[in-house]
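**Student:** Got a structure for you, written out below as structure tokens; questions coming shortly.
The values are calculated or read from the model by the stated rules, or taken from the named source; none is laboratory data. Quick caveat: nothing in here was measured; it's all calculated off a predicted structure. Note: ideal-geometry Cβ built from the backbone for every residue, glycine included; neighbour counts use all protein chains shown.
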Amino acid sequence: MLGPPGAGKGTQAARFARSRQVPHISTGEVLRREREKDPELDRQARATMDAGRLVDDDVVIGIVRRRLAQPDTRDGFVLDGFPRTLMQAEALDHLLDDGVPLVVVDIEVPEETLIERLRARRVCARCGAPATAALTTCGACGGPLIPRSDDDDRVVQERLRVYAEQTQPIVEFYRRRPTFRSVDGDQPQDAVAADISSAVAAVLGVQ
Ligand code: AMP
């Protein structure tokens, strides 16, 4: 699942993974979780993530390689926030067994909408579920909602710049493939989810 920060990738990836009963793999989530357990990774990655820049390809590719080796990914998985560079996209092609179709869905959203959404974005301090400033507590576990440290205005600008410079080129890398689809992310959440579902079904030739 591709798309700029604020496109709704995380929410849509979680929703799609739940509907297909496959694991949802968010490299941002894994990094935030592993950082808490690993002081060395925390030292390497905290400043980079808080500044809105990308963690080293080797670190992130290692995370995805280890995760995809787990048996629960055998019937499929949803990648959210990976790949984000051409090197990661090439590494992913090598990680997948021959014949495994990689469906690429790009969620497109105009930049003004992204900035508004990122300003209103909240995350549950207890379970990490995504939320918005319109809510007072987490819909999943009732925990307190806080802004993400990388959603402040200056960092948002940097994340959008990094996206345009390093991640947008991979959309072009995939666009030529028959397994690529783009979806309009500037519509209500349910409509985006329905479009993603039909896009994937069309690529895989299933309902
Ligand atoms: P996300 O939760 O997907 O917005 O990711 C949060 C932060 O984690 C990003 O701004 C990056 O610093 C880091 N990150 C997540 N995925 C990747 C990736 N594939 N490559 C490099 N850095 C990543």
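**Student:** Return the residue satisfying two criteria in turn: it lies in region 138-165 and is crowded, with 17+ Cβ neighbours inside 10 Å and part of a helix (DSSP H, G or I), and of such residues it is modelled with the lowest pLDDT.
**Tutor:** Top of the filtered list is D151.
**Student:** Shifting gears a bit: Just to be sure I understand the filter: pairs with C-beta atoms under 8 Å, separated by 6 or more residues or on different chains, first member in region 31-42 and within 17 Å of V64 (Cα to Cα) and charged (D, E, K, R), second member at pLDDT 90 or above and more than 12 Å from the ligand (Cβ to nearest atom). Which pairs pass?
**Tutor:** R35/D42
**Student:** For region 61-78, does any single residue satisfy the condition of being touching a Gly at 6+ places or on another chain (Cβ under 9 Å) and either surrounded by 12 or more Cβ atoms within 10 Å (Cβ to Cβ) or on the phi > 0 side of the Ramachandran plot (or both)?
**Tutor:** no
**Student:** Quick test of your reading of the structure: R176 fulfils all but one of (1) at pLDDT 95 or above; (2) under 27 Å from Q88 (Cα atoms). Name the failing condition by number.
**Tutor:** Here R176 meets the rest and fails (1).
**Student:** If T113 satisfies all but one of (1) of a type outside the set (A, V, I, L, M, F, W, C); (2) within 13 Å of the ligand (Cβ to nearest atom); (3) at pLDDT below 95, what's the number of the condition it fails?
**Tutor:** (2)
**Student:** Return the residue satisfying two criteria in turn: it lies in region 49-83 and is charged (D, E, K, R) and touching a strand residue (DSSP E or B) at 6+ places or on another chain (Cβ under 9 Å), and of such residues it is nearest to F16 (Cα to Cα).
**Tutor:** Looking at residues that are charged (D, E, K, R) and touching a strand residue (DSSP E or B) at 6+ places or on another chain (Cβ under 9 Å), I get D80.
**Student:** Please pick out the residue among D38, D93, D56, D75 that is among the charged types (D, E, K, R) and near the ligand (Cβ under 10 Å from one of its atoms).
**Tutor:** D56
**Student:** Mind listing just one residue for me: the one in region 84-111 that is touching a strand residue (DSSP E or B) at 6+ places or on another chain (Cβ under 8 Å) and outside any loop (DSSP other than H, G, I, E, B) and, of those, nearest to R66 (Cα to Cα)?
**Tutor:** Only one residue fits best here, namely L92.
**Student:** Looking only at residues that are part of a loop (DSSP other than H, G, I, E, B) and among the small types (G, A, S) in region 112-136, which one is surrounded by the fewest Cβ atoms within 10 Å (Cβ to Cβ)?
**Tutor:** Looking at the filtered set, the residue picked out is A134.
**Student:** Take the residues of region 41-53 that are within 15 Å of R84 (Cβ to Cβ) and not in a loop (DSSP other than H, G, I, E, B): which is farthest from the ligand (Cβ to nearest atom)?
**Tutor:** This residue is A45.
**Student:** What residue, among those in region 43-78 that are aliphatic (A, V, I, L, M) and more than 15 Å from the chain's Cα centre (by Cα), is nearest to T27 (Cα to Cα)?
**Tutor:** V59
**Student:** How many of the residues making up region 2-29 are part of a helix (DSSP H, G or I), away from the ligand (no atom under 15 Å from the Cβ) and within 9 Å of V78 (Cβ to Cβ)?
**Tutor:** 2
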